[in-house]
Every structure is written in C-alpha cells, then in structure tokens.
Amino acid sequence: MPAEEEPTDEALMWAYAEGDTSAFEPLFQRHRAPLFTYLRHQTGSRSVAEDLFQEVFLRLVRRRREYRRAGSFRSWLFTIAHNAMTDGRRRSALREAVSESDAMEYHDATSERPASTADPLGASHATDLRERIEAALLRIPAEQREVFLLRERGGLDFQRIAEVTGSGIATVKSRMRYALSNLRRRLADELPSIEECLHE
C-alpha cells in the first residue's frame, strides 16, 4: 500500500484558515529555518531577526483568513516577512549600522554546523568561508541582498521574488546579477569554492 502523500503547504494553510489549528504546526516546522535564516541575513542581527520572526508568524495567524487558495504559501509568507522588515525600518527598529555586539553574535550564529572530526582543517576552512560570505552579504546593497537571500535561502523563483518585493521581474534579475557580481568581487580569492557554499 503506497504511503500517504504529505499535504502541500497550500493545503495546510487553507485548512488552518478554515479553522483546523493542527495544520499550523507542520507549516511552522517546514518554514521556520529558511525564514529565520532569511531574516538573520537581511538584518545582520540575531536579536532583531528573532523579533521579526515572531512578528511574521503573529501576522500569519492574524491574517490567516486572507490567504488565497490559488497562491503560493511560501511567497505569501516571505511577503509578510518583507513587509514586516519594511514596517520595522519605518519605526526605526532596524538600524543600518549593526552594533559591534550584534555583529559578533551574528558571525557566531553562522557557524551552526558541527565541525568534522575527520577533516578539522577542511571544516575550519569551510567555516571561515561561510563567515566571509556572510560578512560580504552585509556589505552589498540591501535590495541586492534581499533578492539574493530570497533566491538562495528562500528558494523562490524570480517571478515570486518580484511579487514579494513589489518590483518588476527585470529589476529582480538585475539585482541578482549585481549581487552575484559584488559577492564574487569581494570574495575573489575564495573562488571556486564559493559556489558550493552559496548553495548549501
């Protein structure tokens, strides 16, 4: 007997919107890691990302009945995240300059994978490279960084990114090209291993 297929994100969200509270937990478990990674890399601050993460899911709960069945749940979720960050900036909750303590905390948080005991030198190099990539991400323009993160960490295609950010698809593709160009320029000494790390 074939195993029962897992419900799609859209089916779970529709069920939740209709009052099935048990549908929320699998949605949360599926999307919490990519969403938090996106927020942390966008803000450069773990504490700000944690606040925004809670805000995004609170908004999801409050707006569950606004979800449209035909829409992509992931796009809808990242649109909420994008809007939460925009609102946060307007309230001056997010600062362009990251404090030194937040920056240190952020770089500590990028080394979440355990080091390999089989190849400590290789593991050390991989960790160092990830840290360089994360630092480089913080130095490229915010619009480019967001497109890069939605694509690489959020897994959205360009059409979905355009919907999330309210930009034209040509603008989104241009920002992605500039983001990659800027990252490659800043990390020129690390090529070709950068490509592997960007898609981890």
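Observations on the structure shown:
- With respect to the conditions (1) modelled with pLDDT of 85 or more; (2) not in a helix (DSSP H, G or I), W76 lacks only one, and its number is (2).
- Filtering E55, E10, E25 for residues that are acidic (D, E) and more than 30 Å from E143 (Cα to Cα) leaves a single hit, E25.
- Checking each residue in region 50-70 for being closer than 15 Å to H31 by Cβ and outside any helix (DSSP H, G or I) picks out only Y67.
The values are calculated or read from the model by the stated rules, or taken from the named source; none is laboratory data. Predicted model, so just to flag it, every value in this text is computed and none were measured. Cβ coordinates were reconstructed from backbone atoms using ideal geometry, including for glycine residues, and neighbour counts include every protein chain displayed.
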